[in-house]
1. Any chance you could count how many residues in the range B:102-154 are among the hydrophobic types (A, V, I, L, M, F, W, C) and within 12 Å of chain A (Cβ to nearest Cβ)?
2. Looking at the structure I just gave you, is B:Ser88 of a type in the set (Ser, Thr, Tyr) and over 20 Å from A:Cys11 (Cβ atoms)?
3. Determine whether A:Ala78 is more than 24 Å from B:Leu13 (Cβ to Cβ), facing chain B (nearest Cβ under 8 Å) and at pLDDT below 95.
4. Is at least one residue of the range B:104-117 modelled with pLDDT of 90 or more, out of contact with any strand residue (DSSP E or B) (no Cβ under 8 Å at 6 or more places or on another chain), among the acidic types (Asp, Glu) and outside any strand (DSSP E or B)?
5. Identify, please: which residue in the range B:32-65 is touching a residue at least 24 places away in the same chain (Cβ under 8 Å), in a helix (DSSP H, G or I) and under 27 Å from the mean Cα position of the chain (by Cα) and is, among those, surrounded by the fewest Cβ atoms within 10 Å (Cβ to Cβ)?
6. Take the residues in the range A:37-68 that are over 17 Å from A:Asp86 (Cα atoms) and of a type in the set (Gly, Ala, Ser), then tell me which one is nearest to the chain's Cα centre (by Cα).
7. Determine whether A:Arg94 is within 13 Å of another protein chain (Cβ to nearest Cβ), touching a Cys at 6+ places or on another chain (Cβ under 6 Å) and under 20 Å from B:Asn148 (Cα atoms).
Amino acid sequence: MSAPRILYCHCAFAKVVPADVKSAVLEGLTGANVEFDAVPDLCEMSARHDPRLRDLAAQQPLHVAACFPRAVKWLFAAAGAELAADSTRVWNMRTESADAVLNGVLERTSPAESVR
Amino acid sequence: MSLVPASRALVILRGGDEGSLGGAERARVAQLLLERGLEVACRRDQGVDAADLGSDAPEALAARLAGGAGVGAAPAAWKPWFPVIDYSRCTNCMQCLSFCLFDVYGVSADKKIQVQNQSNCKTECPACSRVCPEVAIMFPKYRHGPINGEEVHTDDVRREAMKVDISALLGGDIYSMLRDRSVKAKSRFSKERDDDRALKERQNCLVALKASRDLDIPAEVLAALPSPKEIQAKAEAARLRAKTAIEGAAAPSDTERD
C-alpha cells in the first residue's frame with residue numbers, strides 16, 4: 001500500500017479546536033518533513049462546495065487531522081466528495097492530544113478512527 | 001523561486017532538503033497563510049523556499065504571499081454555520097423541513113431531504129438538530145456533542161420524544177407547557193438533544209422575544225425576524241412542503257405503477 005496522503009484542517013473560522021493542539025500538529029507535520037496539504041477550514045470549503053474537496057478525497061489512502069470523523073465524512077459528502085471508508089482515517093484535534101494526532105497521522109502508531 | 005502562488009488560493013512551501021524552509025519557519029508561514037484563508041501544500045521538491053524568506057521574518061513572507069494571492073490580513077469574520085446531514089442516520093422524515101422557519105431545507109428531485117439554502121441558517125441556532133428524531137443533523141462548529149458531529153450514543157436517541165407537534169408550537173402556550181415539565185436530569189441528552197430548548201429557540205423566533213441568556217440565538221438574529229404573522233405563514237408553508245415531500249416519496253412513480 002502506498003504512503004498515506006496527509007490532510008490538515010486549521011478550523012480557521014471558529015475556535016472549537018484548541019489552538020495549542022492545532023499549532024503543535026502543524027509544527028509536527030512541518031518538522032517531520034513529510035508532504036501534506038493544509039486547508040483553512042473544511043466547513044468553509046464544504047459550504048462553498050469547493051471542488052478541491054473532490055481532489056483531496058481522491059487521494060488514497062488519506063489521513064486527516066481535523067475534528068469528529070462523522071462530521072468530516074458528511075462535510076465532504078455535502079460537497080459531492082465521497083471519502084473512501086476503508087482507506088480514510090480521521091484524527092480528532094478537538095478531543096485528542098497533539099501527540100496522539102501526530103503519531104496516528106504519521107503512522108508512528110496505529111490507532112485511528114475510520115469514517116465508516 | 002517565484003512568489004506567485006500556484007493558484008489564487010494555494011501556496012506551496014518547500015521543505016525537507018537543503019535550501020528549503022526549516023520546519024519551524026514553514027509551520028509559522030503555513031499558520032499565518034491558513035489564518036488568512038489560503039490553502040497550503042508542503043512539498044519536498046517545489047514551492048517557496050528559504051531563499052524567498054531571505055532576511056524577512058515569516059510574518060513578512062506570509063504577508064507577501066497572501067498579497068500575491070489577493071488575500072487580505074485575515075479571513076472574513078464569517079462562521080461557517082449550516083446543518084450537515086448524516087445520511088446514514090437520516091430517515092427522510094422531513095421534520096427538519098417542517099421545523100425550520102428559514103427555508104434552509106428543501107427536497108431534491110428524488111424526494112430526499114437536503115440542505116438547499118445554507119446561507120439562510122441563523123448562526124448559533126442548532127434548533128433543527130435538537131429535534132431531529134435520529135440525531136442526523138450536525139453543526140460541526142457547535143460546542144457540544146452529538147450536535148458537533150461526535151459519535152451518537154444510544155441515549156442521545158429518543159425518537160418518539162423528539163416528534164414535535166408543530167400545531168402545538170403555533171397555537172399552544174409553549175411557556176405554560178414548559179413550566180409544567182418536571183426538571184430533567186442533567187444528562188447530555190437533556191442539555192443538547194432537548195426538545196424544550198429547541199421549542200424555546202423556535203418560540204423566540206415565533207414571537208420575536210428577546211433572547212434568554214440560556215439560548216443560543218444571537219440578539220441580532222431575533223431583531224431581524226419577520227412579524228409573528230409572517231412567521232406563522234412560513235411555518236405553515238414549510239409544513240405543507242414537508243407533507244407534500246413525504247407523500248411524493250411514498251407514492252409510486254409512473255414507472256413503478258406500470
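The values are calculated or read from the model by the stated rules, or taken from the named source; none is laboratory data. Just so we're clear, the structure is a prediction, and the values are computed from it rather than from any experiment. Cβ sites come from the backbone with ideal geometry, for glycine too, and all protein chains shown count toward neighbours.
1. Here is the first cut: in the range B:102-154, the ones among the hydrophobic types (A, V, I, L, M, F, W, C) are B:102, B:104, B:107, B:109, B:113, B:115, B:121, B:125, B:127-128, B:131-132, B:135-139, B:147, B:152.
Still in the list and also within 12 Å of chain A (Cβ to nearest Cβ): B:115, B:121, B:135-139, B:147, B:152.
The qualifying residues number 9.
2. Numbers: of a type in the set (Ser, Thr, Tyr): yes; over 20 Å from A:Cys11 (Cβ atoms): yes.
Answer is yes for this residue.
3. Details: more than 24 Å from B:Leu13 (Cβ to Cβ): yes; facing chain B (nearest Cβ under 8 Å): yes; at pLDDT below 95: no.
It is false that A:Ala78 is more than 24 Å from B:Leu13 (Cβ to Cβ), facing chain B (nearest Cβ under 8 Å) and at pLDDT below 95.
4. The answer is no, given that none of the residues of the range B:104-117 is modelled with pLDDT of 90 or more, out of contact with any strand residue (DSSP E or B) (no Cβ under 8 Å at 6 or more places or on another chain), among the acidic types (Asp, Glu) and outside any strand (DSSP E or B).
5. B:Glu35
6. A:Ala66
7. On the way: within 13 Å of another protein chain (Cβ to nearest Cβ): yes; touching a Cys at 6+ places or on another chain (Cβ under 6 Å): yes; under 20 Å from B:Asn148 (Cα atoms): yes.
So A:Arg94 fits the description; yes.
Residue by residue, here is whether (1) aliphatic (A, V, I, L, M); (2) buried (at least 18 other Cβ atoms within 10 Å of the Cβ); (3) at the interface with another protein chain (Cβ under 10 Å from one of its Cβ atoms); (4) part of a loop (DSSP other than H, G, I, E, B) holds:
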position	(1), (2), (3), (4)
A:Lys15	no, no, yes, yes
A:Glu27	no, yes, yes, no
A:Thr30	no, yes, yes, no
A:Asp50	no, yes, yes, yes
A:Glu82	no, no, no, yes
